[in-house]
Amino acid sequence: MKIFVDFDGVILDTKKFVFDLNEIYSKNGISNQRIKEHGKIFSGAPKVGGITYKPERAVAFLVKDDKMCQKKILSEANIFLKELKDYVFPDALIFLKTFSKRNLILLSYGDIKFQEDKIFGSGTDGYFSEIIIDERNKMDIISKIIRKDESAEQEKIFLIDDKIENLEKIEKTNSEVITIWINRTNIKDDRCVNNIVGYEAKDLMEAVDIIMKTKDNG
Ligand SMILES: [Mg+2]
């Protein structure tokens with residue numbers, strides 16, 4: 001069995017993380033308006049091939065001409081990134097302790113250094129046999145790994161993600177993958193009702209149940 005687990009929004013409470021990172025900008029005198037603007041600029045990056053978020057880029061945008069101020073904010077951001085254990089969802093920790101390390105592969109999308117900082121800061125890196133970070137499309141990577149893996153035919157493969165469009169994509173190209181959509185905020189989405197994704201779970205505890213029930217069925 002292989003379980004591919006997305007990082008942001010699944011393991012890490014990314015919403016809370018972003019809020020507190022923005023607090024650092026705000027405490028250093030950057031207006032809420034400017035912070036909002038910067039959020040918009042970077043947030044669409046995964047979908048439209050735009051600018052990938054990383055603190056250096058964000059700070060360069062937020063304080064254009066003040067190098068001293070940039071340095072100060074960046075050093076505060078780097079300290080913040082070192083200790084992110086409080087941002088790991090409690091159900092994620094239980095989930096990670098339930099399965100063996102060899103079953104778990106972490107998938108993460110974004111700037112490699114920034115994602116690494118978040119993953120190591122969260123202290124969850126040790127639970128995974130492999131950590132995959134990519135700036136482009138993580139779904140293509142899954143397809144490649146599955147194709148490469150000779151045992152894949154006998155083995156159950158799960159993919160857990162909080163973005164339904166990622167799961168939809170993999171269902172279209174690799175229908176043998178069992179997809180689990182983590183819907184923490186209980187959004188209604190027709191793609192789940194119409195069985196375009198395999199399962200819906202409100203958190204990773206529910207995902208444990210789904211995997212336990214599914215893993216031994218032919
Ligand atoms: Mg995510």
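The values are calculated or read from the model by the stated rules, or taken from the named source; none is laboratory data. In this text, all values refer to a predicted model and were calculated from it rather than measured experimentally. With ideal geometry, Cβ positions are generated from the backbone for all residues, glycine too; neighbour counts draw on all protein chains shown. Each accessible area value is taken on the protein alone, full model and side chains, heavy atoms only, with ligands, DNA and RNA left out. Shrake-Rupley method; radii C 1.70, N 1.55, O 1.52, S 1.80 Å.
Evaluating 6.51 cos²θ - 1.76 cosθ + 1.60 at θ = phi - 60° for every residue in segment 26-34, the Karplus couplings come out as 4, 5, 8, x, 7, 6, 4, 4, 5 Hz, glycine and proline recorded as x. Relative contact order for segment 63-218: what percent, with Cα pairs under 8 Å and sequence separation of 6 or more? Averaging sequence separation for qualifying contacts and normalising by length gives 18 percent for segment 63-218. For the listed peptides 84-94, 6-16, a ranking on the average number of other beta carbons within 10 Å per residue, highest first, reads 6-16, 84-94. Ordered from longest to shortest, the equivalent ellipsoid semi-axes for segment 83-218 are 22, 18, 16 Å, each the square root of 5 times a Cα gyration tensor eigenvalue. Charged neighbours of Asp162, selected by a Cβ distance under 12 Å, balance to -4 (K, R count +1; D, E count -1).
Among the listed pairs Lys16/Lys36; Lys2/Lys101; Lys67/Lys118; Lys15/Lys85; Lys172/Lys213, which have their C-alpha atoms separated by more than 19 angstrom in this model? Flagged as over cut-off: Lys67/Lys118; Lys172/Lys213.
Considering only beta bridges that DSSP places wholly inside the chain, some 5 percent are antiparallel. Taking every alpha-carbon pair under 8 Å whose residues sit at least 6 apart, segment 14-82 reaches a relative contact order of 31 percent. In this structure, the amide hydrogen of Leu104, modeled 1.01 Å from its nitrogen in the peptide plane, lies closer than 5 angstrom to those of Ile3, Ser129, counting only residues at least 5 positions away or on a different chain.
Measuring between their Cα centroids, segment 149-218 and segment 71-139 lie 21 Å from each other. Based on DSSP H segments of at least four residues, each scored -39500 (n - 2.57), the chain has a per-residue ellipticity at 222 nm of -15000 deg cm²/dmol.
For the chain, a Gaussian network of Cα nodes joined below 10 Å ranks Asn186, Asn166, Asn103 by mean-square fluctuation, and the top entry is Asn186. Summarised as an ellipsoid, segment 14-82 has semi-axes of 19, 14, 12 Å, derived from the eigenvalues of the Cα gyration tensor scaled by 5 and square-rooted, with the largest first.
Under the criterion of Cα pairs below 8 Å and six or more residues apart, the relative contact order for segment 29-122 equals 30 percent.
Note on Asp65/Asn32: beta-carbon distance plugged into 1/(1 + (r/R0)^6) with R0 of 22 Å gives a FRET efficiency of 0.65.
Our coupling estimate for segment 122-133, obtained by passing each phi through the Karplus curve with A = 6.51, B = -1.76, C = 1.60 and θ = phi - 60°, is 6, x, 9, 4, x, 7, 10, 7, 8, 10, 10, 10 Hz, Gly and Pro reported as x. Taking every protein chain into account, the accessible area of the chain amounts to 55 square angstrom per residue (probe 1.4 Å). Think of each Lys and Arg Cβ as +1 and each Asp and Glu Cβ as -1; about the Cα centre, that makes the dipole of segment 14-82 roughly 140 debye. Modelled spin labels at Asn78 and Thr14, positioned 7 Å past Cα toward Cβ, are 2.5 nm from each other.
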